[in-house]
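The structure appears below as structure tokens.
The values are calculated or read from the model by the stated rules, or taken from the named source; none is laboratory data. All values reported here derive from a predicted model rather than from experimental measurement. Using ideal geometry, Cβ is built from the backbone for each residue, glycine included, and neighbour counts are taken over all protein chains shown.
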Amino acid sequence: MALRIGSIVRVLIVFSICSRDLLVECRGCGQSCSTNDDCDGQLYCGAGRTCQDDPDLGTHICAGSGGGGGGGCQQSGPLKGNSAHQSDECCKANTNYPIYRCSPPVSQSTKAILTVNDFQAGGDGGDPSECDEKFHSNTERIVALSTGWYSGGSRCLKFISITAPNGRSTTAKVVDECDSTMGCDKPHAWQPPCRNNIVDGSDAVWKALGISSSDPLYGQMSITWRDA
């Protein structure tokens, strides 16, 4: 259920992911920023170097247009990290992490971040996959989706199509949730809640997209996806 980063890339990417998540929790609408990574959720660093709605994603978090329509996905609240595990697994004591019960609207070309997940028993993933209560080999093309896209399991064992920036595409089966509502505990491998725009893929997914473990993009890459 947690955002699970395979041990094969832990040393290379865990620091960058953790530091990004720590910044995310304190940069909301109208707050200062230097890059898009400084901004919460689906915001981007826009004019005047402030965090704003991203026009490419059609978010309406900052618009204040009042509840309805628009497809915006607003933060549900903070989750305070505890001190059971700290730097080893990203969560920091007394640090607030954003939680989401939604994800951006799904289209024929949904923007997302592809990360690496270890689905095997004994890996960094914690519990078995939620859809079938099984562990899986990382040679299978499988993914976990952020809570909103996981949609209560409605995409369980169904396939999605993923396209990388290099133009390569592949299909992958949804077997788990990348939990955007909970984290910083044992079931979630002591990691922060998943961001709301994550497709957490096995090593086989990355290979099918033509990205090897030695590639600088391996571990975190912008993609698009759709229901297959």
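Numbers at a glance
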item: The one condition in (1) over 26 Å from PRO98 (Cα atoms); (2) buried (at least 18 other Cβ atoms within 10 Å of the Cβ); (3) touching a Gly at 6+ places or on another chain (Cβ under 8 Å); (4) not hydroxyl-bearing (Ser, Thr, Tyr) that ASN166 fails to fulfil; result: (2)
item: Selected residue (criterion: surrounded by the most Cβ atoms within 10 Å (Cβ to Cβ)) from residues of the stretch 187-204 that are in contact with a Ser or Thr (Cβ under 7 Å, 6 or more places away or on another chain) and part of a loop (DSSP other than H, G, I, E, B); result: CYS194
item: Inter-residue pairs, beta-carbon under 6 Å, first within 17 Å of GLY167 (Cβ to Cβ) and in the stretch 214-226, second loosely packed, with under 14 Cβ neighbours inside 10 Å and among the polar types (S, T, N, Q), 6+ apart; result: THR224/SER109; ARG226/GLN108
item: Residue under evaluation SER65, criteria (1) of a type in the set (S, T, N, Q); (2) in a loop (DSSP other than H, G, I, E, B); (3) at pLDDT 70 or above, criterion not met; result: (3)
item: From the options ASP215, ASP176, residue that is of a type in the set (Asp, Glu), surrounded by 23 or more Cβ atoms within 10 Å (Cβ to Cβ) and out of contact with any helix residue (DSSP H, G or I) (no Cβ under 7 Å at 6 or more places or on another chain); result: ASP176
item: Exclusive hit being in a loop (DSSP other than H, G, I, E, B), in contact with a His (Cβ under 9 Å, 6 or more places away or on another chain) and surrounded by 17 or more Cβ atoms within 10 Å (Cβ to Cβ), set CYS156, CYS184; result: CYS184
item: Top-ranked residue in the stretch 70-126 [being out of contact with any strand residue (DSSP E or B) (no Cβ under 6 Å at 6 or more places or on another chain), of a type in the set (Ser, Thr, Tyr) and in a loop (DSSP other than H, G, I, E, B); ranked as modelled with the highest pLDDT]; result: SER107
